[in-house]
1. Which of LYS9/LYS182; LYS63/LYS202; LYS79/LYS299; LYS34/LYS299; LYS78/LYS150 have a Cα-Cα distance over 25 Å?
2. If we sort 297-307, 226-236 on the protection proxy, mean other Cβ atoms within 10 Å, highest first, what's the order?
3. May I ask you to derive the relative contact order of region 160-266, considering only C-alpha pairs under 8 Å and at least 6 residues apart, and to give it as an integer percent?
4. Any aspartates and glutamates with Cα under 12 Å of the LYS257 Cα? List them, leaving off those in the same chain fewer than 8 positions away.
5. Sorted from largest down, give the three principal axis spans of the alpha carbons of the chain, whole angstrom values.
6. Would you mind putting 11-19, 191-199 in packing order, based on average other-beta-carbon counts within 10 Å, highest first?
7. Lys and Arg at +1, Asp and Glu at -1: add these up for the other residues within a Cβ distance under 11 Å of GLN26 and post the number.
8. Taking the Cα centre of region 14-167 as the origin, how large is its charge dipole in debye, to the nearest 20, when only Lys and Arg (+1) and Asp and Glu (-1) carry charge on their Cβ atoms?
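Throughout, read-outs are computed from the coordinates displayed, never taken from laboratory work. Since the structure is predicted, the reported quantities are computational estimates derived from the model, not experimental observations. Don't worry about glycine lacking a Cβ; one is built from the backbone with ideal geometry, like all the others, and counts go over all protein chains shown.
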Amino acid sequence: MIRMNELEKRLNIPYIKLKFCLVVTQDAVLPRDKVSALRGGMGEMLLRQNCINNRECQTCRYKSPCIVHKTLYTQMKKKPAFMQGDDSIGYLIECENYQERFREGDAFFFYLVLFGDNIVYFGQYLQVFYRLGMEGIGKDAVKYVIHDIKNISGESLLREDQFIMSAYRPETVYDHVMRRMKEIEKRGCKKELVFHTPTCLKYQGTYISEFQTEAVFRSLFRRIMMLDYFVEIYMDQVVMEDYPAIVSQKSNMRVVKRYSSTQDSKVSLRGMVGEVRFEDISGEYLPYVLAGELLHIGKNTSFGFGRYRLN
């Protein structure tokens, strides 16, 4: 049985989630998978504005204080043993608008989620997305303007081109979980996870093409531990037995193609989408499952991968 004080401590991960409304300023064709274009453009704008060593990160004496590394990659005093490389876990971008053809004046939305210390760098992210709108996204360099930014309560953070700091209110993952628990108490729960974006999971050392309960929950518990370490909460990984059994699923693989500037080539990212019904999701597992709605699971989460919702 989970002790609530232990749960609150483990999920005391600060975050803020903001909804950006963008309006395109020309007739255009945008990529189907817009997160890749937004993430790639964000990195490019950060480098253009801040890099002083010709993008030679490995030999740069300013790597530690570098604003690009602080906002784009993950600087941690201590990492779990299973973490390798510069996993980007301080932020997420979510966009599930797959429309490709836009007319001048059309709008689309994306969400930016910031965790831990990345919350204080919002000014950098805002400047980057403003600049990206002027430069353009995608291979056609489609230009846009930021029409509005709202918090999770629906309050606007912009007023006549002024940023309203009083509406910029971080909370914790624990707050999100408690709010969702109340929703579920009112309407009930179908014990079903709907994976809205590609989810890339390993099971017994191999990337899998259909959901396995152990792979799902181990990935979830690792993700929580990574964010804990990111905000300097040094707790052991959650360990449970008798994972909820999968009774049915409808899943398929989805491929997202993107251009990697670091590899100077096109790469394909793969993951599973679909619906997974469990025999039961007990009270012991439920808070962690609800935390995962916000945190995402699996690889490539900074590209929006691994988002699910409990129904």
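1. Beyond 25 Å between Cα atoms: LYS63/LYS202; LYS78/LYS150.
2. The most tightly packed comes first, giving 297-307, 226-236.
3. Once normalised by length, the contact order is 20 percent.
4. ASP33
5. 52, 45, 42
6. Peptide ranking by packing, descending: 191-199, 11-19.
7. -2
8. Computed charge dipole of region 14-167: roughly 600 debye.
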